[in-house]
Every structure is written in structure tokens, then in C-alpha cells.
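Taking it in order: structure first as C-alpha cells, then the write-up.
The values are calculated or read from the model by the stated rules, or taken from the named source; none is laboratory data. Just so it is clear, the structure is predicted and the values come from calculations on it, not from any experiment. Cβ placement follows ideal geometry from the backbone for every residue including glycine, while neighbour counts extend to all protein chains displayed. For accessibility, only protein heavy atoms count, side chains too; no ligands or nucleic acids. Shrake-Rupley method; radii C 1.70, N 1.55, O 1.52, S 1.80 Å.
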Amino acid sequence: QVQVVESGGGLVQAGGSLRLSCTTSEIIFSLYHMSWWRQVPGKQRDLVARINTMSSTTYADFVKGRFAISRDNAKRTVTLDMSSLKPEDTALYYCRANGEKEYWGQGIQVTVSA
């Protein structure tokens, strides 16, 4: 059974940093585009950052220059390094694997206090 598991969330003060990790199992990780999304209650889920199978990255405008996405195919892991965090970055963050099929993690909370 495919698993997509996020880790590393938590509470941080504004201006601080966090690293989110997402590990996968039972998929050929190197063949999947990986991305991070976020959602706050009552709003749509938004794309935060994406890294394709060739490690080309794209970012939402609201995180450019502050967040960095990377992948380690050997460890089947995608990482989101978040810095200069703002209270508006508070959300449930989801990892998505997109390839032959699509898989989502269950989400992990990131809370940035003012």
C-alpha cells in the first residue's frame, strides 16, 4: 500500500524556520513529480512548491525567496525548507506525489505565531 507521510511541522515564531519532510513507499519515487500544498480552513488548497522528476522547481509567488524544495531519490524523500516564516504561512501542509497515479499525505500543521 502506497504511503505518503509528512513530518517536521509545528509551532514557530514569525521570522523563524522549519523543515518539512515527506517520505514515500511502494512507488518508484524517481518517476514521480513531488509537490507541497497548503490549506487553511474554509479556503482552497494552494500549491506551494513543486519539483519534477528532473529536479526542476517552481514556487508560488507568496513563498518565492523564502522556501526551497528539494528531493532525494535514494531516500524517497522530498523536503521543504521554510524560512522567514510569516503568520500567514500558518496552514495544513500536504505532500503530493504525481506520476502514474496521484497520492496525497494526510497533512501536517504549521503554525507561525506573530
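Of everything in the stretch 91-114, what is under 15 Å from residue 19 (Cβ atoms) and aromatic (Phe, Trp, Tyr)? Give them in sequence order. 93, the sole residue that qualifies. Identify all residues within the stretch 17-58 that are outside any strand (DSSP E or B), over 15 Å from residue 79 (Cα atoms) and either out of contact with any strand residue (DSSP E or B) (no Cβ under 7 Å at 6 or more places or on another chain) or of a type outside the set (A, V, I, L, M, F, W, C) (or both); write none if there are none. Once the filter is applied, which keeps residues that are outside any strand (DSSP E or B), over 15 Å from residue 79 (Cα atoms) and either out of contact with any strand residue (DSSP E or B) (no Cβ under 7 Å at 6 or more places or on another chain) or of a type outside the set (A, V, I, L, M, F, W, C) (or both), the stretch 17-58 yields 26, 28, 31, 41, 42, 43, 44, 45, 54. Taking the condition of being in contact (Cβ under 8 Å) with a residue 12 or more places away in the chain, part of a loop (DSSP other than H, G, I, E, B), of a type in the set (Lys, Arg) and at negative phi, how many residues in the stretch 59-87 meet it? Of the residues in that region, 3 qualify. Please verify whether the stretch 80-89 includes one or more residues that are farther than 19 Å from residue 13 by Cβ and surrounded by 14 or more Cβ atoms within 10 Å (Cβ to Cβ). So far as the stretch 80-89 goes, no, none of its residues is farther than 19 Å from residue 13 by Cβ and surrounded by 14 or more Cβ atoms within 10 Å (Cβ to Cβ).
Yes/no matrix, rows are residues, columns are (1) at pLDDT 95 or above; (2) within 14 Å of the chain's Cα centre (by Cα); (3) not aromatic (Phe, Trp, Tyr):
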| position | (1), (2), (3) |
| --- | --- |
| 27 | no, no, yes |
| 40 | yes, no, yes |
| 53 | yes, no, yes |
| 60 | yes, yes, yes |
| 65 | yes, no, yes |
| 68 | yes, yes, yes |
| 96 | yes, yes, yes |
| 109 | yes, yes, yes |
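Determine whether residue 42 is under 23 Å from residue 114 (Cα atoms), exposed (fewer than 12 other Cβ atoms within 10 Å of the Cβ) and in contact with a Leu (Cβ under 8 Å, 6 or more places away or on another chain). No; evaluated as a whole, the condition is false for this residue.
Take the conditions acidic (Asp, Glu), open to solvent by 50 Å² or more (accessible area, probe 1.4 Å) and at pLDDT below 95 and apply them to residue 100. Does it pass? Here the answer is yes, as residue 100 does meet what is asked.
Inside the stretch 1-26, can you point out the residues that are among the hydrophobic types (A, V, I, L, M, F, W, C), touching a Phe, Trp or Tyr at 6+ places or on another chain (Cβ under 7 Å) and open to solvent by less than 30 Å² (accessible area, probe 1.4 Å)? Steps first, answer last, please.
From the stretch 1-26, those among the hydrophobic types (A, V, I, L, M, F, W, C) are 2, 4-5, 11-12, 14, 18, 20, 22; that's our starting set.
Now restrict to residues that are touching a Phe, Trp or Tyr at 6+ places or on another chain (Cβ under 7 Å): 2, 4, 20.
Matches in the stretch 1-26: 4, 20.
Taken over the stretch 1-37, the criterion of being acidic (Asp, Glu) and under 22 Å from residue 47 (Cβ atoms) is satisfied by 6 alone.
Does residue 12 satisfy the condition of being in a strand (DSSP E or B), farther than 19 Å from residue 113 by Cβ and either of a type outside the set (Ser, Thr, Tyr) or free of Cβ contacts under 8 Å to residues at least 24 places away in the same chain (or both)?
On the way: in a strand (DSSP E or B): yes; farther than 19 Å from residue 113 by Cβ: no; either of a type outside the set (Ser, Thr, Tyr) or free of Cβ contacts under 8 Å to residues at least 24 places away in the same chain (or both): yes.
For residue 12, the condition - in a strand (DSSP E or B), farther than 19 Å from residue 113 by Cβ and either of a type outside the set (Ser, Thr, Tyr) or free of Cβ contacts under 8 Å to residues at least 24 places away in the same chain (or both) - is not met.
Applying the set (1) under 19 Å from residue 9 (Cα atoms); (2) touching a residue at least 60 places away in the same chain (Cβ under 8 Å); (3) surrounded by 12 or more Cβ atoms within 10 Å (Cβ to Cβ) to residue 113 leaves exactly one unmet item: (3).
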